[in-house]
1. Would you check if K87 is part of a helix (DSSP H, G or I), more than 22 Å from the chain's Cα centre (by Cα) and surrounded by 11 or more Cβ atoms within 10 Å (Cβ to Cβ)?
2. Given L68, L61, which one is farther than 25 Å from F168 by Cα, surrounded by 14 or more Cβ atoms within 10 Å (Cβ to Cβ) and at pLDDT below 80?
3. Run V115 past the list (1) within 17 Å of I152 (Cα to Cα); (2) surrounded by 10 or more Cβ atoms within 10 Å (Cβ to Cβ) and report the number of the one that doesn't hold.
4. Which one of these does D52 not meet: (1) charged (D, E, K, R); (2) over 26 Å from A93 (Cβ atoms); (3) at pLDDT below 75?
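The values are calculated or read from the model by the stated rules, or taken from the named source; none is laboratory data. These figures come from a predicted structure and were not determined experimentally. Cβ sites come from the backbone with ideal geometry, for glycine too, and all protein chains shown count toward neighbours.
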Amino acid sequence: MLFILLFLVANLGLITSIFTSTIMVLYDEFYKHKSVFTMIETLRVRPIMQADKEYSALISLPPPLNGLLLFLAPFLMTTKSPEFLNKAILWIAYLPLLVLTFTVFTFYNFALLPVTYVKMFFHKMIMIFVYSKSYRVSRADKFMLWILFAAIGPFRLLSNVFVDLYAFLQHCTLQELPKTRVQIREKPLAK
């Protein structure tokens, strides 16, 4: 009886050590190619997780925002036209994120405005004295462009900031994005 018990314990230890060493070797191999495996897995599940016009709010809200679904998911699942309610839920959920990113983007643009003006002011001043074969303009013309920039530059830069803010908001609120065709490779990538 003692022999059988010792035999079972020895076999259990041997199998456990073989299993542990196999797991360690496989983990080392995985760790070497971690980024490749992550990208392959992301591409594999992407067609399943792509935005659905009617029910994407059920899967795309991150954890702090998915608390809204406790109250709004029953309405989304039972309504006859879920597309409008889906868009409304997504707007409600992501509006704080939009406001926060727009505020940061606005402050950053206005903080860079004086730096940009000073950099361009001195750049245009230096360009008066630099000869360029591709931009053949007399020094008097370059000097007049420098004077013109000194006077009109701040207003022009400010108008560019407003154009950037509008483009940022327009890009953040895009809803009809072109879908990409994804092909799933069943075979793993070989070396």
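1. No; evaluated as a whole, the condition is false for this residue.
2. Every option except L68 fails the conditions.
3. Going through the list (1) within 17 Å of I152 (Cα to Cα); (2) surrounded by 10 or more Cβ atoms within 10 Å (Cβ to Cβ), V115 breaks only (2).
4. Here D52 clears every test but (2).
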